[in-house]
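Here is the structure we will look at.
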Amino acid sequence: MKAFRNLRIKVKLFLMIILLLILIILLAFGSLYYSYSIYDKQLYEKSSRLLNLSSTTVDTELKKLETLSLNIIADSRIQQGLKELGGNPMEYNGYTIRRTLAERLWELISSDDRYVQSVHLIDSQGRESKYGDSILFSEQKNVQMIQEAKRGNGAVRWLYPDASDPMLIMVREVRSYEPLTLKPIGTLFLRINIKRLVEDYAGIAAENSDIILKSGPSMVYPYREIPENTAEALQPLASPEGYVITALNGDAAFVSQVKSPYTGWIFYNIVPYNEIFQTIIWLKNSMIVLFIAAVIVVDAIGMVFARSLTKPIESLIGEMKDIQKGDLESLDADALSAPIQQMDEVGLLHRNFRLMMARIQTLIKENYAKQLTIKETEFKALQAQINPHFLYNTLESINWMAKKNAQKEISSMAVSLGFLLRTSISLKQNTITLGEELDIVDHYIRIQTYRFRSRLDFRMEVPDAYLTAALPKLTLQPLLENAIQYGLEPKIGPCTIRVYAEAVEDKLFLVVEDNGAGMEEEYVQRLLQGAVQTRGTGIGLLNIRERIQLTFGEPYGIEVESRKGAGTRVKVLLPLQQEG
């Protein structure tokens, strides 16, 4: 014992590993053969349990799809559109209604379920509104689906994959809910990618096994991917255990089944029986070889393990000494992002230390970027400060001369211009209230109205409840300047520019939109990435977004929506604050 205590840590760990390995090998061999003796029965039971779990998860997803279909047919906009189409409107009105229905279907489907291949809505006149993959049903298939939906009396009915369409189709009749007459007003078809659904949720009980779904004689999954004689041989099993060993295509196979309580479909799992025992024999031999190999390489593993404990500690001590001296540059990007080779206590200590230093560097850079952005904004505003007192006095003189000569428009423009100059030059506050920002907008628009006259149709629709919300100074005015420059000026006729606000949960959207020339989507993306050299020299979109995010955080900023020839909409996302 005294000699053992005096050994080095590496040697102690090596001896302990050897001893533990010997004990593990003895226990493993003793329990291995006992485990194999009951392996067969456990295999049967496990396969049945997994298949039951698979059917439950698939049923759950199908129930979600049924709920999704109910949400669609109960949607007020869907109901209203189908009723209007049932009144046989004019061709253009009918086209507009069907287009609106297709957009609503997209809203209801696009983010809810990844297994819906397409959704089709048939009105009472037999016309279709759809979203998703384009597919042309044959007249016979169309009649079959509509008749099946009628037989369901508003409930879900299923059509299984066939030669014309490999998708599972959910059909149900759409009935009037408002008023609750339950009068049929249309039919809903949901084409479901059953292959993707089963592969995601059904799983596989064993290697080389097959999951098969049947509804009576109809094949639900997989369609045309297994031999036809195999599909025909699969019949409901009489075995009370839910599994049986039978001959399929001349080979013995282990077949288990579970009946779905929701759809009534039968789930089959097929595993080649001979491969099960071949795997067991191979596993036994592999375990023996593995144990022998483990004894041979344990010396190297023990030494590497012992060294892995001491080397990271020494490395961490070195990094701490560098930080203690104030040498933050020694932890460059490569060092901070280097992968940690171990995730024990020492590895976690390394990882947390590096994350802490990375966070410190990030905070330093963010603070530096914030100061740069503030300085940039101050510089752009101070560019207009050319002898401000001289400009103020001159504008005031123009104002009084205009009043003296009854030139109300000139007087109003002089007052508004003076207000804008004072506002842009004064940077005592980084943030102001929405009401103060709208005062800036009002004076700016007043000047532009005298310039463009009837060509500028400006509308402001901001409720008083939002006027106390905070935002960075000069947020809306540059957006209105862009709307005039890129939307109004290139346009020959009148241009409508609208400013309005709306609240969504705890967030406030300020929207500046115009019906001007608009931009292509690719150009908008490049503009937001700073890859476009704009014509102006003022405060740009990137500057506005950075100031908002530096003030309120990453979740806030601006969004731009535009289409060529259809106008532009810029949304400013702010926290909803009623006070302060």
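Structure summary
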quantity	calculated
Within the range 1-75, helices (runs of 4 or more DSSP H) holding 3 or more residues that are at pLDDT 75 or above and more than 30 Å from N193 (Cβ to Cβ)	9-37
Any pair with Cβ under 8 angstrom, 6 or more apart, that starts in the range 459-482 at a residue that is polar (S, T, N, Q) and ends at one that is part of a strand (DSSP E or B) and loosely packed, with under 14 Cβ neighbours inside 10 Å	none
Residues of the range 162-180 satisfying the condition of being outside any strand (DSSP E or B) and modelled with pLDDT of 85 or more	M167
Every residue from the range 486-517 that is loosely packed, with under 15 Cβ neighbours inside 10 Å and under 30 Å from G553 (Cβ atoms)	Y500, E502, A503, V504, E505, D506, K507
Any pair with Cβ under 7 angstrom, 6 or more apart, that starts in the range 125-137 at a residue that is not assigned by TED's automatic domain parsing to the domain that holds V174 and ends at one that is of a type outside the set (D, E, K, R) and part of a loop (DSSP other than H, G, I, E, B)	none
Answer from L108, L168 - the residue that is within 30 Å of N88 (Cβ to Cβ) and without any contact (Cβ under 8 Å) to a residue 60 or more places away in the chain	L108
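The values are calculated or read from the model by the stated rules, or taken from the named source; none is laboratory data. Here the structure is a predicted model, which means the values were calculated and not measured. Glycine also receives a Cβ, built like all others from the backbone with ideal geometry; neighbour counts cover every protein chain displayed.
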